[in-house]
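The values are calculated or read from the model by the stated rules, or taken from the named source; none is laboratory data. Keep in mind that this is a model prediction, so the values were computed, not measured. Note: ideal-geometry Cβ built from the backbone for every residue, glycine included; neighbour counts use all protein chains shown.
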Amino acid sequence: MTAQITLADYLQTHATPALASTLTTLATASVAINHLLDKGALAGIHGEAGGQNVQGEAQKKLDVISNDLLLNALIHNPNCAGVASEELDEISPANDDGTLLVTFDPLDGSSNIDINMTVGTIFSILPYHNQGQKATEADFLQAGKHQVGAGYFIYGTSTMLAVTFGQGVAMFSFDPMTQTYILINDNVRISEQTAEYAINASNRRYWLPPVQQYIEELVQGDTGIRQKDYNTRWVAAMIADVHRILIRGGVFMYPYDTKIAGKAGKLRLMYEANPMSFVIEQAGGASTDGVERIMDIAPTNIHQRIPVVLGAVEEVAYVKTLHDKAGILANGDKSSE
Ligand code: FDP
Ligand code: ZN
């Protein structure tokens, strides 16, 4: 039997010391979150925390606990110049001499906690350019293409980590016996084609015409223009839907909708869309807001929302073509051409 490669082994040869240290900090926090999830109701983590996050969403107890665990761990890491969390209004400056900024969604899919379904932690790592100065929100407002690392810890039937440092995607499985992450695939690849899609179809009447048309064509299956049958899957946790796509292909969409006026989409650019786009692209997939490559979008706000279409290259390109043909932008505005 060949020797197992641990996360520590992998980081030694695939990441800079600063990135390796930051990922080790994230992994240690993930193990603590994992323990709480394992204990479930017995750890008193179920139910509402009683507050709202900056997005106006009710916070679950474990959202708050996970946020605190990650934040406290990261701000004590000397490589980390600042931290931004989906759950906190303001960014947290950390160590002025650090070279990295970290953003995270501490517990994606938190509506799944109380029903004992999959949740996870998503992270994005950006370079910090103002050493010697206290990090500000402006330092974080970098397009996703500048990320130097990204990935997620998924707490499913087993706990796993997927990570990229810009040279492919590696996947690890957590071994509860040794409490370490073990490499299971050092080059995750996504098929260009798929017959599986993920979307919350209850929002159908609020979608823009290109998305309405796309889903209608998929639903028509082999009787329609696409000439093959498609299957739907929706876990209601982006992390689980994206993980499934990494394992067996597919396309995931949370498009713009008109359900709540003024919202540019449901998912957050800096905590969800950018890190997942980095992972998906590095595995050979694609990611767009319907019109533009997500990782090219310059953020204007740390908590900005964005429409997301990601996964199999062929499907993502097709959705973009439908937007282009309709002369419509991802947020419903008319394109200027
Ligand atoms: P959640 O609010 O539970 O954290 O982050 C947003 C998100 O989950 C995604 O993970 C998920 O894909 C989506 O919301 C589910 O939204 P719907 O409830 O509208 O289906
Ligand atoms: Zn989330």
Practice prompt. Looking only at region 25-50, count how many residues are of a type in the set (S, T, Y) and crowded, with 17+ Cβ neighbours inside 10 Å.
Written response: 2
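Yes/no matrix, rows are residues, columns are (1) at pLDDT 95 or above; (2) assigned by the TED database to the domain that holds M117; (3) not hydrophobic (A, V, I, L, M, F, W, C):
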| position | (1), (2), (3) |
| --- | --- |
| M253 | yes, no, no |
| A261 | no, no, no |
| T288 | yes, no, yes |
| D296 | yes, no, yes |
Response to the item:
When region 98-111 is checked residue by residue, the ones that are more than 16 Å from ligand 1 (Cβ to nearest atom) and over 14 Å from D139 (Cα atoms) are none
Worksheet item: Do the conditions hold for V251, that is, is it in contact (Cβ under 8 Å) with a residue 40 or more places away in the chain and farther than 16 Å from G168 by Cα?
Response: yes
Item to complete: Determine which member of the set L19, L71, L37 is in contact (Cβ under 8 Å) with a residue 12 or more places away in the chain, within 16 Å of ligand 1 (Cβ to nearest atom) and within 19 Å of I122 (Cβ to Cβ).
Response: L37
Item to complete: Would you be able to say whether some residue in region 102-118 is more than 16 Å from ligand 2 (Cβ to nearest atom), at pLDDT 95 or above, among the polar types (S, T, N, Q) and not assigned by the TED database to the domain that holds I297?
Response: no
Discussion item. What's the total number of residues in region 235-258 that are surrounded by 24 or more Cβ atoms within 10 Å (Cβ to Cβ), not hydrophobic (A, V, I, L, M, F, W, C) and not in a helix (DSSP H, G or I)?
Written reply: 3
Discussion item. Return the residues of region 288-304 that are assigned to a loop (DSSP other than H, G, I, E, B) and at negative phi; say none if nothing qualifies.
Written reply: D289, V291, E292, I297, A298, P299, T300, N301, I302, H303, Q304
Discussion item. Condition check: assigned to a helix (DSSP H, G or I) and either surrounded by fewer than 20 Cβ atoms within 10 Å (Cβ to Cβ) or touching a residue at least 12 places away in the same chain (Cβ under 8 Å) (or both). Does S173 satisfy that?
Written reply: no
